[in-house]
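I have placed the structure first, in the form of structure tokens, so that the comments after it can refer back to it.
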Amino acid sequence: MKEELEKLFGEALGNLKVAGEESQVTQVRTEFLGRKGKITALLRGLANVSPEQRPIVGRLANEIKLSLEEKIRESLASIQARKRKERLLHEKLDITLPGRRVPTGRKHPISEVCNEVIEIFLGLGFQISEGPEIESDYYNFEALNIPKDHPARDMHDTFYISDEILLRTHTSPVQIRLMEKQEPPIQIIAPGKVFRCDSDVSHTPMFHQVEGLMVGDNITFGDLKGILTIFLHEMFGAKTKVRFRPSFFPFTEPSAEVDIACVMCQGNGCRVCSSSGWMEILGAGMVDPEVFRIVGYNPNEVVGFAFGLGIERIAMLKYGISDIRLFFENDMRFLGQF
Ligand code: PHE
């Protein structure tokens, strides 16, 4: 039996020597030491060996098994080491290769411009106020001196939820909500979304406005001109020419539309400004005494001004964009430029 054991051991070592893959090594283990392995099978006959020989053969068998195990482990380790070495040899690291850029998000140009507008007015002492996007007919129209059959409603066609509930067409209702619950002095801006049934290169069904309202006991049209001129100079540059034109809004009297010299042609006249040299940028005026009366103020004691500007319009002028819809298509090629 001793000779047979040694023969098997030799055979196993021989197999190990030529094994080049891990699977071939584990194959040797199963073939000789496994439950049905050759050495295991041989040792089942140990019971038939004479009692004197049994311990000797037993010890030898143990030594052979341990030694074979050891050789198998060594062989596995050396195969793994060789494989790693080969892999590292092929896996050359090119440290000159440019890194992969992780795409980072950034603010939408409309948010960017909106924040810029807000910052300027905060610097002028205004505070931020907000109101609901779903409004009642009362706050959106009636309280702003726009009765049911008023022609000014034509410019404010919107989305109705019911006869009395609608998506606000401007941020002016915030003026009413604020004055109803707060006494003068008031100096606020109200940024937010507004909605109109409109869609073409310069109109989208949803857009953004910033409302402004300043009410006290000694506020003049001169203050309105001063504040808006400072704002426009901060926004478009100190040399930008500003012009106030008489206009009409039912909730301001007198009312003005404010233009800046065309940013494309600097006032010389071009396609963008329809050769006029000017571009309309916002609406404004002195708060109509009727509005003060509606919110419960005494029109003989308080005066104030209000203005409303469109964020998209400012962004279009600032960046020279001719189609407002680009802001809402969210094409990354467009957004990535800001
Ligand atoms: N709410 C007006 C509009 O959307 C703008 C405006 C606001 C005009 C405040 C005057 C005063 O057209």
Out of (1) over 19 Å from E142 (Cβ atoms); (2) surrounded by 16 or more Cβ atoms within 10 Å (Cβ to Cβ); (3) more than 10 Å from the ligand (Cβ to nearest atom), the odd one out for P289 is which? (1)
Name the single residue, out of those in the stretch 181-204 being assigned to a strand (DSSP E or B) and more than 14 Å from the ligand (Cβ to nearest atom), that is nearest to the chain's Cα centre (by Cα). D200
Per the filter on the stretch 240-266, residues closer than 13 Å to D288 by Cα, assigned to a strand (DSSP E or B) and more than 9 Å from the ligand (Cβ to nearest atom) are F248, E253, P254
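Only one residue in A315, A306 is in a helix (DSSP H, G or I) and among the small types (G, A, S), so which one is that? Give the steps one after another, and end with the answer.
Numbers: A306 fails: in a helix (DSSP H, G or I).
One residue alone meets the criteria, A315.
How about the stretch 295-313: which of its residues are within 15 Å of the ligand (Cβ to nearest atom) and among the β-branched types (V, I, T)? Reasoning before the result, please.
Applying the first criterion (within 15 Å of the ligand (Cβ to nearest atom)) to the stretch 295-313 yields 295, 303-313.
The answer is V295, V303, I311.
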Go through (1) touching a residue at least 40 places away in the same chain (Cβ under 8 Å); (2) loosely packed, with under 11 Cβ neighbours inside 10 Å for V113 and report which single condition fails. (2)
Checking the structure you have, find out if any residue of the stretch 314-333 is open to solvent by less than 60 Å² (accessible area, probe 1.4 Å), within 15 Å of the ligand (Cβ to nearest atom) and in contact with an Asp or Glu (Cβ under 9 Å, 6 or more places away or on another chain). yes
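Considering each residue of the stretch 140-180, count those that are assigned to a helix (DSSP H, G or I), open to solvent by 80 Å² or more (accessible area, probe 1.4 Å) and away from the ligand (no atom under 13 Å from the Cβ), and give that number. Break it down stepwise before answering.
Filtering the stretch 140-180 for residues assigned to a helix (DSSP H, G or I) gives 140, 142-144, 151-156, 173-180.
This time we only want the ones that are open to solvent by 80 Å² or more (accessible area, probe 1.4 Å), so: 151, 154-155, 180.
Those still in the list that are away from the ligand (no atom under 13 Å from the Cβ) too: 151, 180.
Within the stretch 140-180, residues that are assigned to a helix (DSSP H, G or I), open to solvent by 80 Å² or more (accessible area, probe 1.4 Å) and away from the ligand (no atom under 13 Å from the Cβ) number 2.
The values are calculated or read from the model by the stated rules, or taken from the named source; none is laboratory data. This structure is a prediction, so every number in the text was calculated from the model and none was measured. Glycine also receives a Cβ, built like all others from the backbone with ideal geometry; neighbour counts cover every protein chain displayed. These area figures cover heavy atoms from the full protein model, side chains too; ligands, DNA and RNA do not enter into them. Shrake-Rupley method; radii C 1.70, N 1.55, O 1.52, S 1.80 Å.
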